[in-house]
Amino acid sequence: MTYDITIIRPEMREEQITPLGRGLDSEKRKALRKGLQTLHALEIMAVNIYKCQITEDVTPLNRALATAMSNEMTHMQDFQTRLYEYGFKPGKLRGRFWLIGYVFGLGSRMMGAKRVLKTGVWAESKAVEHYGKLLASAEWDDETRAVIEKDRADEYGHIARWEGFLKGAGS
Ligand SMILES: [Fe+2]
Ligand SMILES: [Fe+2]
């Protein structure tokens, strides 16, 4: 299935919020909880990376970073919502991911555009890897699977965008 990655915040209606996966056995629920918590934490990190990389200059890169930040905010909300639909809570260590995102975002901004872009590719590749694991870890209902797959398609789009900028930057 292909997804429109120019939509950075898909619509979500109130009837779409519903309890999920309560009848699953404890092994399956444990795997789900771990996967959802990991992605939620990684999305928190991604939001902060992009947020801290943006400068006040009006440039194509800053516009792309703000677009990616907004898209990552959507992803973070997607996973936070799923966690509660499944009866879970966000991971306790997510604050560390917030901090890592802050440090990596700010640190890369100080080192220039090339480091900004490479940091983005690194974080997105990590996310894509975990999306693959999460998608394989459970039998998702069609709606949840579509949300996760759309988010993963967004991450591939981010990687392509940063690699495009890197090529344009002659590196
Ligand atoms: Fe994301
Ligand atoms: Fe991303």
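Within the stretch 38-53, the set of residues being touching a Pro at 6+ places or on another chain (Cβ under 9 Å) and open to solvent by less than 10 Å² (accessible area, probe 1.4 Å) comprises HIS40, ALA41. Could you tell me whether any residue of the stretch 63-80 is in contact with a His (Cβ under 8 Å, 6 or more places away or on another chain), closer than 23 Å to THR2 by Cα, open to solvent by 10 Å² or more (accessible area, probe 1.4 Å) and not in a loop (DSSP other than H, G, I, E, B)? Within the stretch 63-80, one or more residues are in contact with a His (Cβ under 8 Å, 6 or more places away or on another chain), closer than 23 Å to THR2 by Cα, open to solvent by 10 Å² or more (accessible area, probe 1.4 Å) and not in a loop (DSSP other than H, G, I, E, B).
A quick yes/no check of all residues on (1) under 21 Å from GLY157 (Cα atoms); (2) in contact with a Leu (Cβ under 9 Å, 6 or more places away or on another chain); (3) among the acidic types (Asp, Glu):
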| site | (1), (2), (3) |
| --- | --- |
| ASP4 | yes, no, yes |
| GLU14 | no, no, yes |
| ILE17 | no, no, no |
| GLY35 | no, yes, no |
| ALA41 | yes, yes, no |
| CYS52 | yes, yes, no |
| ASN62 | yes, no, no |
| ASP78 | yes, yes, yes |
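Number of residues in the stretch 150-164 that are more than 14 Å from ligand 2 (Cβ to nearest atom) and in contact (Cβ under 8 Å) with a residue 24 or more places away in the chain: the value is 0. Among the residues that make up the stretch 30-37, is at least one of them in contact with a Gly (Cβ under 8 Å, 6 or more places away or on another chain), open to solvent by less than 90 Å² (accessible area, probe 1.4 Å) and in a helix (DSSP H, G or I)? Scanning the stretch 30-37, I find at least one residue that is in contact with a Gly (Cβ under 8 Å, 6 or more places away or on another chain), open to solvent by less than 90 Å² (accessible area, probe 1.4 Å) and in a helix (DSSP H, G or I), so the answer is yes.
Just name the residue that is nearest to ligand 1 (Cβ to nearest atom) out of those in the stretch 66-80 that are farther than 30 Å from LYS28 by Cβ and of a type in the set (A, V, I, L, M).
Going through the qualifying residues, I end up with ALA68.
Could you look through the stretch 81-113, keep only residues that are under 27 Å from ASP25 (Cα atoms), in contact with a Leu (Cβ under 9 Å, 6 or more places away or on another chain) and in a helix (DSSP H, G or I), and pick out the one that is farthest from ligand 2 (Cβ to nearest atom)? Here the residue is GLU85. In the stretch 89-124, the qualifying residues are those that are in contact with a helix residue (DSSP H, G or I) (Cβ under 6 Å, 6 or more places away or on another chain) and more than 22 Å from ARG63 (Cβ to Cβ), and the one that is surrounded by the fewest Cβ atoms within 10 Å (Cβ to Cβ) is TRP98.
None of GLU27, GLU56 is part of a helix (DSSP H, G or I) and either within 15 Å of ligand 2 (Cβ to nearest atom) or open to solvent by 20 Å² or more (accessible area, probe 1.4 Å) (or both) except GLU27. Select from the stretch 115-136 the residues that are more than 11 Å from ligand 2 (Cβ to nearest atom) and within 18 Å of GLN37 (Cα to Cα) and list them in ascending order. Across the stretch 115-136, the qualifying residues are GLU129, HIS130, GLY132, LYS133, LEU134, LEU135, ALA136.
Evaluation of ALA127 against the conditions (1) part of a helix (DSSP H, G or I); (2) modelled with pLDDT of 95 or more; (3) surrounded by 17 or more Cβ atoms within 10 Å (Cβ to Cβ) shows that the sole unmet condition is (2).
Scan the stretch 136-153 for residues that are of a type in the set (A, V, I, L, M) and either touching a helix residue (DSSP H, G or I) at 6+ places or on another chain (Cβ under 8 Å) or surrounded by fewer than 14 Cβ atoms within 10 Å (Cβ to Cβ) (or both) and the total you get is 4.
The values are calculated or read from the model by the stated rules, or taken from the named source; none is laboratory data. Quick caveat: nothing in here was measured; it's all calculated off a predicted structure. Glycine also receives a Cβ, built like all others from the backbone with ideal geometry; neighbour counts cover every protein chain displayed. SASA here: full protein model, heavy atoms, side chains in, ligands and nucleic acids out. Shrake-Rupley method; radii C 1.70, N 1.55, O 1.52, S 1.80 Å.
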